[in-house]
């Protein structure tokens with residue numbers, strides 16, 4: 001006799017800096033993945049109370065859970081290693097990581113992907129997460145007889161969702177842009193890999209959404225200077241004068257290396273509380289952007305997309321990106337579309353247009369479906 005509790009269920013754990021959600025992902029008669037929310041909290045996954053609260057609200061569960069979190073929860077670095085057989089990369093990687101990290105390697109759990117193959121080297125992108133937080137989460141699930149089987153950054157789950165929904169054009173490069181309350185995750189997909197990923201600190205403004213700021217100034221009687229493209233700066237911290245902007249500073253936050261550069265952690269990652277080395281810069285970024293108006297935020301998004309797209313085409317010699325999917329902009333999609341069309345000259349597509357429900361945000365819905373459908 002087949003007992004009911006012998007059927008393992010597919011669960012998905014996802015969230016952001018403000019909330020966490022546990023859901024069950026099942027296969028509909030049509031074969032499509034469908035979502036049923038089991039429990040939610042208004043705390044981040046790194047908080048001690050989050051997982052116990054979720055499990056207490058979900059009832060008895062037996063199965064396997066996949067976890068996907070925003071890219072800003074990870075520390076990401078790209079390093080070069082000598083040419084090795086693929087099976088030997090995992091054994092050689094700890095040596096190279098130990099030289100690049102600011103903390104002992106045993107304080108992290110990590111996953112990696114070969115993102116570039118060259119004549120004399122391999123380019124490897126590594127995703128690191130605090131080991132203490134991970135093991136704490138896993139212990140809570142083990143107590144409930146739930147196996148934590150998959151763990152990935154948000155962009156991987158988003159691309160899996162695109163495959164599930166048959167939204168990703170075959171044989172073409174694509175970019176996925178995920179907008180969170182305090183960060184933006186960007187990733188380029190081509191030929192089954194993510195050769196370029198980055199995360200940018202960007203705090204979403206509060207209040208009414210407006211592409212155009214309210215202007216209340218007294219114009220001088222003299223003629224105004226002619227407006228130029230110098231007003232379109234690449235970052236809030238960059239100088240306004242074009243002659244003072246150099247390529248190195250513009251691209252400083254990319255987690256990529258040339259063959260002559262030493263490996264180092266990506267400077268734009270926002271760590272979990274256990275990553276002390278970058279905590280101060282994260283706090284400063286929040287302070288700097290606390291009063292950012294919607295107009296600046298809505299212009300920052302397409303500018304970061306443009307930087308990523310152009311860097312991939314010109315520096316990494318990738319193919320032209322014509323497919324751009326944006327998630328997390330449902331509340332201001334029309335305003336973002338207007339800003340993107342003007343700056344990018346291309347129409348972005350909504351990643352979350354047909355998903356979501358009153359029970360959760362569309363972006364969390366997408367991540368849960370993408371990471372949880374593992375059958």
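The values are calculated or read from the model by the stated rules, or taken from the named source; none is laboratory data. These numbers come from a predicted model, not from an experiment. Backbone-built Cβ (ideal geometry, glycine too); neighbour counts: all protein chains shown.
Numbers at a glance
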item	result
Every residue from region 60-72 that is over 16 Å from residue 138 (Cα atoms), touching a helix residue (DSSP H, G or I) at 6+ places or on another chain (Cβ under 7 Å) and part of a loop (DSSP other than H, G, I, E, B)	70
Tally, over region 129-147, of residues that are over 13 Å from residue 67 (Cβ atoms), assigned to a helix (DSSP H, G or I) and in contact with a helix residue (DSSP H, G or I) (Cβ under 7 Å, 6 or more places away or on another chain)	1
Residue check, residue 278 surrounded by 14 or more Cβ atoms within 10 Å (Cβ to Cβ), at pLDDT below 90 and under 30 Å from residue 82 (Cα atoms)	yes
Yes/no for residue 325 being in contact (Cβ under 8 Å) with a residue 24 or more places away in the chain and in contact with a strand residue (DSSP E or B) (Cβ under 7 Å, 6 or more places away or on another chain)	yes
Criterion violated by residue 102 - all others in (1) at pLDDT below 90; (2) assigned to a strand (DSSP E or B) satisfied	(2)
Identity of the residue in region 20-59, in contact (Cβ under 8 Å) with a residue 40 or more places away in the chain and part of a loop (DSSP other than H, G, I, E, B), that ends up surrounded by the fewest Cβ atoms within 10 Å (Cβ to Cβ)	48
Cβ pairs under 8 Å, 6+ apart, first in region 288-299 and over 12 Å from residue 206 (Cα atoms), second in a helix (DSSP H, G or I) and modelled with pLDDT under 90	298/339; 299/339; 299/343
Region 34-62, residues that are at pLDDT below 90 and under 18 Å from residue 149 (Cα atoms)	61, 62
Residues of region 166-190 satisfying the condition of being assigned to a loop (DSSP other than H, G, I, E, B) and touching a residue at least 40 places away in the same chain (Cβ under 8 Å)	167, 168, 169, 172, 173, 180, 181, 182
Test: residue in region 79-97 that is touching a residue at least 12 places away in the same chain (Cβ under 8 Å), buried (at least 17 other Cβ atoms within 10 Å of the Cβ), in a helix (DSSP H, G or I) and in contact with a helix residue (DSSP H, G or I) (Cβ under 7 Å, 6 or more places away or on another chain)	yes
Selection from region 98-116 of residues that are in contact (Cβ under 8 Å) with a residue 24 or more places away in the chain and out of contact with any helix residue (DSSP H, G or I) (no Cβ under 6 Å at 6 or more places or on another chain)	99, 100, 101, 103, 106, 111, 113, 114, 115, 116
Enumeration of residues in region 321-354 that are crowded, with 22+ Cβ neighbours inside 10 Å, at pLDDT below 90 and part of a loop (DSSP other than H, G, I, E, B)	352
